Amino acid sequence: MIMSDTIRKEMRRNARAPANEPALVCREAQVKQPFHYWRGASGRRYLHTVFALIDCPLMGKVNYILVHRDHDGTRRPLDIGQTVSRSDSLNLAHMRRRAALLGANEVHIHFLPETARQRRAAEADLSSRQLGRTPVICVSAPANDGAESVCV
């Protein structure tokens, strides 16, 4: 896939920004900070709620990052995806199984995207920066099967 010079320049500029960082919502020491920012290739920061793998609740349609957190607090993303089932319990089972296979001990959930298109865009942006995957470009186009967009 050929990228434009503008996209390449923007990706190089965004590569200097932190890839991930804690999201401090309160300065009180006794308040646990269960939020974390992850940055996409676009430079956009995505706010995630952090759960221990065992404490992760049932999930509807959300984006997730399966993370291994080391003893020193360093977080390493292992997989980035989105839930696809209409069943919240199946979504949780899928995430836990995948996390166990990869050695993840945290699940970071991005609740904000409301549509399938927004979830796909967030997944592509984050995967490109965090996992080095080739960006997926989605173009709006009418399709016979009712799809919202065509991705290449």
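Structure above, values below:
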{"quantity": "Exposure proxy order (Cβ contacts within 10 Å, fewest to most) of HIS108, HIS36", "calculated": "HIS36, HIS108"}
{"quantity": "Ranked list, fewest to most other Cβ atoms within 10 Å of each Cβ, for TYR64, TYR46", "calculated": "TYR46, TYR64"}
{"quantity": "Potential extension, THR49-HIS71 segment - 0.36 nm per residue separation minus Cα distance", "calculated": "6.0 nm"}
{"quantity": "Neighbour-count ranking [beta-carbon atoms within 10 angstrom, fewest first] of SER87, SER42", "calculated": "SER87, SER42"}
{"quantity": "Rough spin-label spacing in nm, given labels placed 7 Å along Cα→Cβ, for PHE111 and ARG98", "calculated": "2.0"}
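Bear in mind that the values in this text are calculations on the coordinates, not laboratory data. Nothing here was measured: the structure is a model prediction, and the numbers come from that model. When we count neighbours, we look across all protein chains shown, and the Cβ atoms used for this are built from the backbone with ideal geometry, even at glycine.
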